[in-house]
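First up is the structure itself, then whatever we jot down about it.
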Amino acid sequence: MINSTCGYVDSIEKANETVKRYQEQTSSKFICYKVQRSFGRNEWCLDNHKILWHQEEQKVKLENNFLGSDGIPYVLIGSKILECQFGIDRNLYQKKRHQERRKIELLKIKDRRHPVSKKVNCPAKIILKDVVKFPSFKAEKNTAHAKKLKALLLRLALKESRAEGERRIYIQLPEETDHCNHERGIVNKRPRKPRELQNTKVEILPTLDAELNETDFLHTFRVTRPVYQFLVDEWQKETKQNLMEDEVSLENLEFYNQHVLAVLYYLGSTESLASVCSRFRFKSAAFIDIAVKFADFLLNQMEKYLSLPSLEERIRIAEVIKHNCGFPGAFGAMDAALIHMKIPTGADKQEYTYVKEGISCKCAFVLQFIVDHRLLFRDIHVDSPATGTRVQVFQESQAWAHLQSLSSAETHLVAPATYPLAPAIMTPHVKDVLSYQEALFNENHHEASKLTTNAMTVFKSRFKRMQQMDRHVATNMKLLKATCILHNIALMHENEMVLENMQMEYNSEMDEEGWHNVGMEEFVAEFGILGGEEKRHYLTTVMTARPDTMLSYVQLSPSHIGDNLVIS
């Protein structure tokens, strides 16, 4: 405690609790005016932050001079400002313009009073500052030389990761006299008339109580009823275990039936977020919170449902693929796909843009994936188009290191020619004229590579949200990874007839941008990994034709790389 209205705590949770308790005690309400993105983060890098002292911070902004002059250097992580709900009307100019435009365009249907804003320019504010202090580098003397010396020592310690800091969240509360131009306490308002739901365009979806038949349930929620019940039970079980570990009463245990239905419907449809929330009677913020929690639950299952196969499993998968496609030793196929999204805001717009035409642009995630014979994802990596071509995205993934370290020479992946040829990555021959064996190799390679196209067709047809996601990058990246796991869970727990009964509306071959095009011109990989050429030569020599194969001696010119995936 620095004074009666200023002090600090050691966590964001305690700071939020302090603000909440203050509002309850004073019968006031504060809303967020400004918050820095770095405020409250659990992970931060201090190397690029300026080392501050009390006097320097005071020069920056007078309202932020409440940390106290104790001679201890600190780094400012971020700040947050809350202002009274009766504070400054920051939309006054826009409101005036709107009223003038309505008068000019004669849009007033009837003479009615304009609503009076509750904003009365109350200056009361709550200021929070997230800092890391370093008591071991305290300046003994209040001189510029002493502070400069300590700052240099601290900067060196930060670079070597040996500086021990103490995190503090400073809180500056307003005085009671800071409030002005309005009554104290909570102002009683006339309750609003509830909106009549029968006038809305959407209807509440029938739930389990309405007893949808199995076909309607599958087409509505994109999974079978047993898979839905499995997800509810597993999420319930995980939540129960977490509550027991935290020694929290099980009375707080939520029932997730309606939550899972809502998220499944959102992922399986192209309806707007507002429409989905209206159907299931959730507020938007509450639904997003539910979707993120469900995604976290699925991501906790990644090791169980989405992992690269062991050696024994690779050999078993390779036998199935050889029987189906004629290509020996392949335990899966690899490629990358665009997951389109609405244009995000801020710096994310440039990072996730893959096509820019004048002032307009198109944005997407890049999903690199490996699939097996059952169309299950065995590895995924989500990146941005700014990373580069498919091979550059591949080099940023964990699969890059894993595939180089595979000990068995018997198994490998099939991939387009844009990827590097390696003992564990077989790419097609790219020549103007191919020998019979090379053409046979390419034909069987092409057949095995259809696994990636078919997997993406099933993925985007079942979960239509993956055809066009919203603009919130962090939330959607988590939902994208979680949906890949959900895709695997559904395939593992459903029989093969389910996919035949499900409408496959998405066709990767008809995607205008090219479903695997990451927005940059691509060429044949200019490098390979030692042993890849020798292994491909051996496989080419021993390759045998499938009964239905028809070949020509001239195939696959360099201009056709990346276009070798076609749905049969």
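The values are calculated or read from the model by the stated rules, or taken from the named source; none is laboratory data. Values in this document were obtained by computation on a predicted structure and should not be read as measured data. Neighbour counts are summed over all protein chains in view; Cβ atoms, including those assigned to glycine, are modelled from backbone coordinates with ideal geometry.
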How many residues are farther than 25 Å from Asp89 by Cα, basic (Lys, Arg) and at pLDDT 85 or above when one looks only at region 101-140?
-> 2
Long-range neighbours under 7 Å by Cβ, at least six apart or interchain, first residue under 12 Å from Arg168 (Cβ atoms) within region 3-28, second among the small types (Gly, Ala, Ser) and at pLDDT 90 or above = Val9/Ala15
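Scan region 404-413 and give yes if some residue there is within 15 Å of Gln368 (Cβ to Cβ), modelled with pLDDT under 95 and touching a Phe, Trp or Tyr at 6+ places or on another chain (Cβ under 9 Å), otherwise no.
No.
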How many residues does region 134-156 contain that are among the basic types (Lys, Arg) and outside any helix (DSSP H, G or I)?
-> 2
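Only one of Asp372, Asp383 is among the acidic types (Asp, Glu), touching a residue at least 60 places away in the same chain (Cβ under 8 Å) and closer than 29 Å to Gly532 by Cβ. Can you tell me which? Step through it out loud before you land on a result.
Values: Asp383 fails: touching a residue at least 60 places away in the same chain (Cβ under 8 Å).
Asp372 is the lone residue from the list that is among the acidic types (Asp, Glu), touching a residue at least 60 places away in the same chain (Cβ under 8 Å) and closer than 29 Å to Gly532 by Cβ.
Search region 466-493 for residues being among the small types (Gly, Ala, Ser) and under 22 Å from Ser272 (Cα atoms), and hand back the single one that is nearest to the chain's Cα centre (by Cα). Break it down into steps so the answer makes sense when it comes.
Quick first cut of region 466-493, residues among the small types (Gly, Ala, Ser) only: 474, 482, 490.
Retained after the next criterion (residues that are under 22 Å from Ser272 (Cα atoms)): 474, 482.
Details: Ala474: 4, Ala482: 9 Å.
The selected residue is Ala474.
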Restricted to region 528-552, and to residues that are out of contact with any strand residue (DSSP E or B) (no Cβ under 9 Å at 6 or more places or on another chain) and more than 12 Å from Glu443 (Cα to Cα), which residue is modelled with the lowest pLDDT?
-> Pro547
Would you be able to say whether some residue in region 36-45 is closer than 21 Å to Gly165 by Cβ, more than 26 Å from the chain's Cα centre (by Cα) and either surrounded by 14 or more Cβ atoms within 10 Å (Cβ to Cβ) or at pLDDT below 85 (or both)?
-> no
Right, Glu319: of a type in the set (Asp, Glu), at pLDDT below 90 and farther than 30 Å from Gln36 by Cα or not?
-> no
Exception for His445 within (1) closer than 22 Å to Leu539 by Cβ; (2) in contact with a Leu (Cβ under 7 Å, 6 or more places away or on another chain); (3) not basic (Lys, Arg) falls at (2)
Enumeration of residues in region 158-211 that are at pLDDT 85 or above, more than 32 Å from the chain's Cα centre (by Cα) and surrounded by 12 or more Cβ atoms within 10 Å (Cβ to Cβ) | Gln172, Leu173, Pro174, Asp178, His179, Cys180
Can you run down the residue pairs with Cβ atoms below 6 Å, 6 or more apart or on separate chains, where the first is in region 306-317 and over 9 Å from Gly332 (Cβ atoms) and the partner is of a type in the set (Val, Ile, Thr) and outside any loop (DSSP other than H, G, I, E, B)?
-> Leu306/Ile485
Sole residue being in a helix (DSSP H, G or I) and closer than 22 Å to Glu505 by Cα, chosen from Leu264, Leu243 = Leu264
Filter pass, Ala262 being in contact with a Phe, Trp or Tyr (Cβ under 9 Å, 6 or more places away or on another chain), on the phi < 0 side of the Ramachandran plot, among the hydrophobic types (A, V, I, L, M, F, W, C) and modelled with pLDDT of 90 or more | yes
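Residues that are surrounded by fewer than 22 Cβ atoms within 10 Å (Cβ to Cβ) and touching a Gly at 6+ places or on another chain (Cβ under 9 Å): which strands (runs of 3 or more DSSP E) entirely in region 274-387 hold 3 or more of them? Don't jump to the end; show me each part of the working.
Numbers: elements: 330-341, 353-357, 360-371, 377-383.
Output list reads 353-357.
Is at least one residue of region 366-379 over 20 Å from Arg462 (Cα atoms) and acidic (Asp, Glu)?
Initially, region 366-379 is screened for residues over 20 Å from Arg462 (Cα atoms), giving none.
No, region 366-379 contains no residue that is over 20 Å from Arg462 (Cα atoms) and acidic (Asp, Glu).
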